[in-house]
Amino acid sequence: MDKDPMDGYLPRAVEEKWQRIWDERGTNRFTEQELRDAPDPYYNLMMFPYPSAEGLHVGNIYAFTGADVHGRYQRLTGKDVFEPIGFDAFGIHSENFALKQGVNPMDLTPRNVANFTRQLRRIGGMFDWSHTVDTSDPAYYRWTQWIFVQLLGAGLAERKEAPVNWCPSCMTVLANEQVLGGLCERCDSPVEQRRIAQWFFKTTQYAQRLLDNLKIIDWSETTLRAQENWIGRSGGAILEFPVLTPARRGDLDRRDSPEPAASSDADKAGRDAGGDSASTDTPSISVFTTRPDTVFGATYMVLAPEHPLVPAITAPDRRSEVESYQAQAARMDLVTRQKTDKTKTGVFTGAFCENPATGEPIPVWIADYVLVEYGTGAIMAVPGHDQRDFEFARAFELPIPRVVAGPGTDAHAPLEEAYVGEGVLVNSGRFDGLPWREGARAIVEWLEGRGLAEPRVSYRLHDWCISRQRYWGPPIPVIYCGACGPVPVPEEDLPVVLPRVEDFKPDASGVSPLARVEEWYRTVCPQCGGQGRRETDVSDTFLDSSWYFLRYPSTDRNDVPMDPEITRRWLPVDSYIGGEEHAVLHLLYARFITMALHDLGHLDFEEPFSKFRKHGLIIREGAKMSKSKGNVIIPDPIIEEFGADAFRIYLMFLGPFAEGGDYRDEGIQGPFGFLHRFYDTVVSVVEAEDAGKLAASASQDPEVERKLHKTIRQVSEQLPKLQYNTAVAAMMEYLNAVRSGGRKASRGEVEPLVVLVAPVAPHLAEELWERLGHSESIFQGANWPSFDPAKAAEDTVKVAIQVNGKLRGTVEAPAGAGQEEIEVLARSQENVSRHLGAATVRRVVFVPNRLLNFVVK
RNA sequence: GCCGGGGUGGCGAAAUCGGUAGACGCAGGGGACUUAAAAUCCCCCGGGCUUCGGCCCUUGUGGGUUCAAAUCCCACCCCCGGCACCA
């Protein structure tokens with residue numbers, strides 16, 4: 001330590017200094033009044049982290065840095081940038097970790113939040129620490145519960161018994177979005193189906209709007225596609241197939257009896273069928289199909305094993321077989337059930353339906369390849385034109401007629417596999433000869449006239465199951481009363497505070513740990529004052545995060561969830577940057593909640609994020625970072641050694657931000673060296689000025705000046721498009737030009753670069769800005785430099801000379817030189833004239849300022 | 001199977017309104033400065049051939065269009081992401 005510390009760039013000292021100054025001056029803070037008055041608001045949002053015990057990982061830092069660079073750039077152009085951060089602290093993740101460590105999450109969470117806060121400050125994010133949220137704070141989840149109450153009041157929340165996804169390891173139900181390929185998205189256990197009464201939000205009511213609005217929001221294309229796939233709209237029709245077998249009257253009667261479990265089944269079947277067919281005297285089976293044109297080819301029907309009509313229509317001699325098949329299906333976990341390559345299984349129920357088109361009786365089967373939760377849970381099987389039905393028909397020797405003939409085939413062409421292509425209808429009575437699409441329309445119209453069909457759009461989107469049989473979440477604010485039923489907790493009684501419970505371990509019973517805390521759940525009915533019992537399930541973590549961005553600007557208000565005036569000024573969010581892994585989870589739920597709150601009059605916009613950009617994934621050694629692979633990067637030692645600024649630049653430089661990139665430990669040397677050289681360059685400018693060696697206007701260098709203007713242009717274009725890697729490259733290139741051959745830089749050459757670098761290396765930029773004599777923060781004004789297109793323009797250009805498309809030389813010429821001039825210069829080059837030789841030039845292609853191509857012989 | 005995105009030096013990547021492929025950086029090699037190291041600076045760095053002037057090959061594979069293709073078209077292979085017995 002015999003060196004003068006001011007001799008060189010010491011990232012740690014610089015960074016600590018500026019983080020302290022930002023804090024003291026409140027550089028990144030808004031007061032409530034400033035939020036109300038900001039003239040040019042820009043809401044820069046990033047996905048808030050869940051505060052794990054391991055601390056911030058590189059993926060978080062990558063995402064936050066990319067978003068922060070964007071925010072800082074916007075700020076340097078003069079916008080009032082609000083950049084909040086918070087903690088998604090509730091949820092099974094934290095709870096599981098707490099269980100493993102034998103710590104109460106109420107103790108663990110504050111520790112993790114404190115550690116995250118320290119790390120987030122250290123990476124130099126422009127966060128407004130006076131507007132954070134913590135979803136596990138009663139002051140926050142009071143309003144999460146308020147949202148539930150609003151939705152319940154609006155009929156958008158309902159409690160129903162339905163087949164739900166049960167994770168046997170997490171011991172809770174999961175939303176559909178949390179099941180990936182039949183596995184729990186959190187722990188990878190195979191998910192089972194259970195029937196439990198749960199609270200649902202009616203996302204399906206918004207399916208079409210959620211889909212339509214995708215056209216008007218500026219989001220990453222891949223994210224839009226993911227949502228579109230997830231909503232999964234398909235157009236078709238509901239067709240009715242009357243049941244022929246005078247099936248057991250007794251069974252039908254039993255179905256009609258008011259047994260609560262069964263009534264919710266009938267409810268679903270009735271709703272999906274568009275009529276209450278299950279309880280009429282002549283029941284019919286409703287099916288959804290996207291191919292009503294093939295109805296003449298429907299030779300059998302299949303119900304899902306769980307379909308509510310199964311017991312009613314099953315013939316007595318088939319009952320034991322049917323029931324054992326149902327039991328077998330019920331036992332199967334989702335992974336096994338969803339395998340598509342296994343051979344088709346199923347059993348005949350003994351019942352028959354009438355094909356409404358042909359009038360023929362067709363058998364009714366049950367099979368697990370039909371899913372209860374989609375469409376009506378029943379299908380008409382058209383083996384000739386659906387591959388699954390074809391396989392099933394082959395396995396059980398059912399007839400496979402052709403009803404669509406493609407080009408080059410006719411009505412009698414045998415089918416070796418299902419024909420799913422286009423064609424004209426055949427073997428379809430009076431519809432023969434119609435092209436399939438017209439046929440579909442005509443057939444639906446015809447059946448509709450007889451009350452047997454109805455056009456219908458179906459979505460694969462489900463209602464959102466928000467109940468969780470766990471501890472670490474906001475209690476669902478409902479009280480059950482023997483007399484009044486489920487009653488929402490009155491708004492003035494919110495929050496329903498989660499009690500501290502030492503034994504918070506979940507169990508397989510399907511009820512929450514809170515159900516063991518009698519003194520907590522025993523209460524009085526807010527309506528009649530009688531005895532009541534609290535709902536003991538908590539809500540899904542994704543509900544916490546579905547509205548946090550609405551809360552940030554209003555955290556100064558504890559009497560309302562959102563201050564209307566502030567919300568109007570700041571929302572919708574101007575820029576949201578986050579990971580693709582939330583494309584259909586968080587982002588869909590946030591859209592739904594925003595839309596619902598809009599409809600209830602709480603918001604005047606219905607899409608929360610005007611612009612969303614996904615960022616890529618950081619990989620290392622060709623693989624996703626994970627503890628099991630042992631290739632995770634611990635950020636703290638890197639920041640220790642190289643500084644946050646170098647780390648930030650490196651992360652932004654290693655690949656296109658939207659795509660991610662491969663992290664290499666040595667890679668940071670490049671940006672680190674760049675910052676060192678930049679620091680030295682600026683410091684020596686200041687020293688030279690102080691020593692009076694350099695006049696203010698010294699070292700006019702047209703080459704460097706041109707490069708400067710080109711660099712400003714490029715960086716200004718690329719930063720807003722998140723093309724950080726190439727913007728950083730341009731800055732490096734410019735610094736190389738400034739320093740090339742050991743030349744001395746001048747203030748005018750480096751001062752603009754200090755601003756260009758500021759979004760990626762904010763601490764160093766502040767330091768250099770101060771050394772250049774500025775007393776205010778560089779982020780305090782619209783300091784972004786402008787460029788002069790005239791000064792950025794080259795006055796000489798290199799023109800490529802080709803002969804027959806092959807490069808044979810280059811010539812240097814004034815910009816805009818004409819073809820003749822270039823041609824003369826080109827011919828004078830030995831290598832060019834040699835290749836031209838004696839051949840006749842048949843054509844000359846000239847692209848001004850770029851290329852001249854002689855086409856010979 | 002359907003819908004997206006991608007495949008370029010030893011490595012991360014640039015360049016896609018068709019116009020000098022490989023900017024910028026890492027790693028590597030050589031040199032300057034230094035007692036030494038670090039930092040800094042200069043040079044080389046896709047492959048092959050070379051008479052040192054250059055020449056040939058090269059953007060997953062095979063065709064095509066064009067004066068000219070990483071870029072456009074057709075066919076195929078591989079990788080990543082989304083959806084998927086969704087009727």
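Of all the listed residues (A:TYR576, A:TYR589), the sole one being within 18 Å of the chain's Cα centre (by Cα), surrounded by 22 or more Cβ atoms within 10 Å (Cβ to Cβ) and not in a helix (DSSP H, G or I) is A:TYR576.
Somewhere in the range A:769-779, is a residue assigned to a helix (DSSP H, G or I), in contact (Cβ under 8 Å) with a residue 60 or more places away in the chain and crowded, with 20+ Cβ neighbours inside 10 Å? Scanning the range A:769-779, I find at least one residue that is assigned to a helix (DSSP H, G or I), in contact (Cβ under 8 Å) with a residue 60 or more places away in the chain and crowded, with 20+ Cβ neighbours inside 10 Å, so the answer is yes. Within the span defined as the range A:775-791, every residue fails to be more than 44 Å from the chain's Cα centre (by Cα) and at pLDDT 85 or above.
Conditions (1) assigned to a helix (DSSP H, G or I); (2) surrounded by fewer than 18 Cβ atoms within 10 Å (Cβ to Cβ), marked per residue:
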{"residue": "A:ASP68", "(1), (2)": "yes, no"}
{"residue": "A:ARG72", "(1), (2)": "yes, no"}
{"residue": "A:GLY78", "(1), (2)": "no, yes"}
{"residue": "A:PRO84", "(1), (2)": "no, no"}
{"residue": "A:SER94", "(1), (2)": "yes, no"}
{"residue": "A:LEU99", "(1), (2)": "yes, yes"}
{"residue": "A:ASP107", "(1), (2)": "yes, yes"}
{"residue": "A:ASN112", "(1), (2)": "yes, no"}
{"residue": "A:ASN115", "(1), (2)": "yes, yes"}
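For the range A:231-256, the candidate set comprises residues that are more than 30 Å from A:ARG441 (Cβ to Cβ) and among the acidic types (Asp, Glu); within that set, the residue that is modelled with the highest pLDDT is A:ASP251. When each of A:ALA826, A:ALA817, A:ALA813 is tested for being within 14 Å of RNA strand B (Cβ to nearest atom), aliphatic (A, V, I, L, M), part of a loop (DSSP other than H, G, I, E, B) and not assigned by TED's automatic domain parsing to the domain that holds A:HIS70, the lone residue that passes is A:ALA817. With respect to the conditions (1) crowded, with 23+ Cβ neighbours inside 10 Å; (2) outside any loop (DSSP other than H, G, I, E, B), A:PRO51 lacks only one, and its number is (2). A Cβ distance below 8 Å, combined with a sequence gap of six or more or placement on separate chains, defines the contacts here; from the range A:366-394, residues that are within 21 Å of A:GLU323 (Cβ to Cβ) reach residues that are polar (S, T, N, Q) and more than 8 Å from RNA strand B (Cβ to nearest atom) in the pairs A:ILE366/A:GLN326; A:ILE366/A:THR349; A:ALA378/A:SER286.
Conditions tested, residue by residue: (1) within 15 Å of RNA strand B (Cβ to nearest atom); (2) in a loop (DSSP other than H, G, I, E, B); (3) under 39 Å from the mean Cα position of the chain (by Cα); (4) closer than 30 Å to A:THR204 by Cβ.
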site	(1), (2), (3), (4)
A:VAL364	yes, no, no, yes
A:TYR374	yes, yes, yes, yes
A:GLY384	yes, yes, yes, no
A:ASP389	yes, no, yes, yes
A:ARG402	no, yes, no, no
A:THR409	no, yes, no, no
A:ALA413	no, yes, no, no
A:GLY421	yes, yes, yes, no
A:GLY433	no, yes, no, no
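The helices (runs of 4 or more DSSP H) located wholly in the range A:475-564 that include 1 or more residues which are aromatic (Phe, Trp, Tyr) and touching a residue at least 40 places away in the same chain (Cβ under 8 Å) occupy A:541-544, A:548-551. The residues in the range A:607-630 that are away from RNA strand B (no atom under 14 Å from the Cβ) and surrounded by fewer than 18 Cβ atoms within 10 Å (Cβ to Cβ) can be counted, and the count is 5. Number of residues in the range A:829-852 that are open to solvent by 70 Å² or more (accessible area, probe 1.4 Å) and either near RNA strand B (Cβ under 9 Å from one of its atoms) or in contact with a strand residue (DSSP E or B) (Cβ under 8 Å, 6 or more places away or on another chain) (or both): the value is 6.
The values are calculated or read from the model by the stated rules, or taken from the named source; none is laboratory data. Values in this document were obtained by computation on a predicted structure and should not be read as measured data. No Cβ is skipped: glycine too gets one built from the backbone with ideal geometry, and neighbour counts run over all protein chains shown. These accessible areas exclude ligands, DNA and RNA; they are computed on the full protein's heavy atoms, side chains included. Shrake-Rupley method; radii C 1.70, N 1.55, O 1.52, S 1.80 Å.
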